[in-house]
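Here is the structure we will look at, set down as C-alpha cells.
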C-alpha cells in the first residue's frame, strides 16, 4: 500500500494505491473516487476484523467500508466532508483515540473499538464519540481546518476546547471541565466544555470548530 496526500491543508485528498489483494478500511462517506477493479463492502456494528462494536451512544452505529483491489493494482481517493487537512499517522503496536468525525481510513491490521469508558463524555453531539484505535499500520485522520500537533512532556498540562479535539495518544490523561462563556454551545446556555490533558503524549488539534461555526451561522439568521 502506497499513499499520497495532496492539496493540504485546506482541501486535502488522500490517494491510496492498493496492490492486487490488498484492502483498506474507511469510514462511510469518505470515498471520493476509485478504480473500476476496486470492490467495496459495507459493514456496521461488528465492523473491522470483528472489533467494531455498537456505539456507546444508544442507537448510533459506526459504519465501515472495506475496499479491496481485485485482478491487479488499483487506486482509491478519500476526503473528509468538511474543508481541512488529512494526516497519516503510523501506528506501531500502539493505541490512539480519535473523534469519530475525524476518522478517514486505516490498515486492516488496525482494530477500532467504540465501547471504552469515557467516550461519551467528550461531545454534546450525539453523532460524535471517541474511537479507540489500536494495532499496526497507517491511520488516516482529518481535521476541520488545519491540524496542530502538540507534544506534551510528562506532567505538562494543556487545555483544549472539545470542539477542536481531533485525537490524542495513549498515556495522555484527561479531565472534562465546563467553562462558562468560553465558546457558547449551540444549546448549552453559554457553557463551554474543555478538556485538560496531562502528558506525556501527543495531541492533535483542529484550527476550526464545527460547533463554533454553526453557532456563528445561527446568530446571523433572521430572527422572527
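Listed values, structure above:
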| quantity | calculated |
| --- | --- |
| Inter-residue pairs, beta-carbon under 8 Å, first at positive phi and in segment 19-34, second in a strand (DSSP E or B), 6+ apart | 21/68; 21/69 |
| Qualifying residue in segment 64-83 (condition: within 15 Å of residue 112 (Cβ to Cβ), at pLDDT below 85 and either within 15 Å of the chain's Cα centre (by Cα) or loosely packed, with under 15 Cβ neighbours inside 10 Å (or both)) | yes |
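Residue-by-condition table, conditions (1) assigned to a strand (DSSP E or B); (2) surrounded by fewer than 19 Cβ atoms within 10 Å (Cβ to Cβ); (3) modelled with pLDDT under 95:
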{"position": "149", "(1), (2), (3)": "yes, yes, no"}
{"position": "154", "(1), (2), (3)": "no, yes, no"}
{"position": "159", "(1), (2), (3)": "yes, yes, yes"}
{"position": "163", "(1), (2), (3)": "no, no, yes"}
{"position": "168", "(1), (2), (3)": "yes, no, no"}
{"position": "171", "(1), (2), (3)": "no, yes, yes"}
{"position": "177", "(1), (2), (3)": "yes, yes, yes"}
{"position": "182", "(1), (2), (3)": "no, yes, yes"}
{"position": "185", "(1), (2), (3)": "no, no, yes"}
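The values are calculated or read from the model by the stated rules, or taken from the named source; none is laboratory data. The shown structure was predicted, so the numbers you read here are calculated from the model rather than taken from an experiment. All Cβ positions, glycine included, derive from the backbone under ideal geometry; neighbour counts span all protein chains shown.
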